[in-house]
Ligand SMILES: Nc1ncnc2c1ncn2[C@@H]1O[C@H](COP(=O)(O)OP(=O)(O)OP(=O)(O)O)[C@@H](O)[C@H]1O
């Protein structure tokens, strides 16, 4: 009988009082794609970090191809044939693809001979698995989807037989996600073993052979994918039935609250990121901006939220706001009724070393309610933080814990609780449910709709087309710093939006992925030219 590619036996790991993994056993057969799902904080990342040598388990054993293996650091993981593709890529931005791939894999300096050899291997791998990346491009000029392929190449170059992917499609267009799945399919056909962590049940159903479910630190079920359904998986994960679509009444739309005209922004490298964006969001309306990361949506939110300068005009409730200089800051925007959930919770949404209660008041601490003479009324702030954490089901609901010690999805809930609960006139919200489990997504979507139904204006930026289609009252698609078009959700579909997101405005007569790739390569070349 074939030995499992990976077998974990009795793995446990605690962080202080939190038992992140409890006596976990799992077998992953070679040449299969094994999905792992579970609520936020269930312990998925911890388990993968143990397998990759970032954490040492308190108890338990790891077997690779039947051999008991100690994985004390990531070097040992690589030697055991394990490669990991992280959510936050670990690439050196101002190095080329080729340099990144061989960085750390070669002993000694990068000699011309090793570069030439690596180039050959890279080309071969790239062709074999349809990865199609140019070895001489700088990483900073590549789209996120292409950067992810570099991460995969890096693992393959190090001869990984086992690949772990943590939420890999969060940053991709539908066509790119399909392409990634084709790559994974090819890898499986070559006998590679893949562990896929995702919150998206559609992906689990589409690509995996087997799926394991984690709950509160334990592995609670392992089922064959073809013998289960998204509904059953949702219930196994959350322990109750989950509404897999958004329930909302038709919008009652009022006057314009946010008006944006001809917004332009140039980044610190001289690249124009917003190229004359105009849009309007009215009271009681959710305007969804669909787009792949890196096409100006982040800059749009930053400019509107007061974190970046721009030219053009922005009106809030009919009066113009300053886009440059001292009045362009988050504090003054909050005073105008604008709340902002930034796309990147770790660098912009939270101060990771601060506690949850400090983070929940962050930006609103000057509110007179929190002042008590010369001092801050910390008892009140903590009490409110506790209350919000309970409402948003942040786990563990401990306001004293530092933000960095929460799992990704729970960090997101902390930022959302802070901004939504302020009851703003305008909510700017970037990737609200990135990394969030389906039970929590259901709740977050309800809260966004509740705010809309109170007559607030919501500007939603998301790369999740399901989310855009189900939440938005109107959809604008952004590509390369411009709005490519506006659509009503009932009059469009994933394919049309996906093409617009890649800058393709007409249905092409060649295969979709070729049209998308060609458009993305053109954009990369334009940016490389502007880059100083
Ligand atoms: N370094 C740490 N210190 C303290 N607690 C931690 C640390 N890392 C993780 N935890 C806790 O361990 C538990 C499991 O976290 P983990 O990140 O593994 O969850 P996850 O299933 O990957 O969640 P998500 O889907 O939100 O990414 C959580 O309760 C988390 O708060």
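Each reported figure results from applying straightforward, stated rules to the coordinates on display, with no laboratory input. Computed from a predicted model, the values in this text were never measured in an experiment. Cβ sites come from the backbone with ideal geometry, for glycine too, and all protein chains shown count toward neighbours.
Once each part is reduced to its C-alpha centroid, what is the distance from the stretch 377-412 to the stretch 24-58 in angstrom? Their Cα centres are 26 Å away from one another.
Helix 112-128 axis versus longest C-alpha principal axis of the chain: approximately 80°, rounded to the nearest ten. Taking every Cα-Cα distance in the stretch 315-471 and sorting them into 5 Å bins from zero, the calculated P(r) comes out as 2, 9, 18, 21, 21, 16, 9, 4, 1, 0 percent.
Under 18 Å from a label point set 7 Å out along the Cα-to-Cβ vector of residue 220, the amide N atoms of the stretch 16-41 belong to 19-26, 35-41. Largest first, the extents of the alpha carbon coordinates of the stretch 166-314 on the three principal axes equal 55, 41, 28 Å.
Its alpha carbons give the stretch 349-423 an Rg and a Dmax of 11.6, 37 Å.
May I ask you to derive the FRET efficiency for residue 186 and residue 280 from their Cβ-Cβ distance with R0 = 35 Å, giving the value to the nearest 0.05? The computed FRET efficiency comes out at 0.20. Relative to the longest principal axis of the Cα atoms of the chain, helix 408-420 runs at roughly 0 degrees.
Between helix 144-157 and the chain there is an angle of about 20 degrees, using the helix long axis and the longest principal axis of the Cα atoms.
Inverting the pair-averaged 1/r between distinct Cα atoms of the stretch 59-190 gives 15.6 Å as its Kirkwood hydrodynamic radius.
The calculated FRET efficiency for the pair residue 253 and residue 67, based on their C-beta separation and a Förster distance of 41 Å, comes to about 0.05. DSSP finds beta bridges in the chain, and of those with both partners inside it, around 55 percent are antiparallel.
The Cα atoms of the stretch 6-238 cover 51, 37, 30 Å along the three principal axes, with the biggest extent listed first. Between residue 130 and residue 159, full extension at 0.36 nm per residue minus the direct alpha carbon distance yields a gain of 8.7 nm. Residues within the reach of a label modelled at residue 232 (point 7 angstrom out along Cα to beta-carbon, backbone nitrogen below 16 Å), restricted to the stretch 34-55, are 35, 37.
Seen from a random direction on average, the alpha-carbon convex hull of the chain projects onto 26.1 square nanometres. For the stretch 440-532, the alpha-carbon radius of gyration amounts to 1.29 times the rule-of-thumb value 2.2 N^0.38 Å expected for a compact globular protein. Using the beta-carbon distance between residue 261 and residue 1 and R0 = 60 Å, what value does 1/(1 + (r/R0)^6) give for FRET efficiency, to the nearest 0.05? Taking R0 as 60 Å, the efficiency between residue 261 and residue 1 is 0.30. With helices as the sole contributors, the chain gives -10000 deg cm²/dmol at 222 nm; each DSSP H run of n ≥ 4 counts as -39500 (n - 2.57), and the sum is divided by every residue. Over the C-alpha atoms of the stretch 6-126, the Rg to Rh ratio, Rh being the Kirkwood estimate, stands at 1.04.
Normalised by 2.2 N^0.38 Å, where N counts its residues, the alpha-carbon radius of gyration of the stretch 1-49 equals 1.28.
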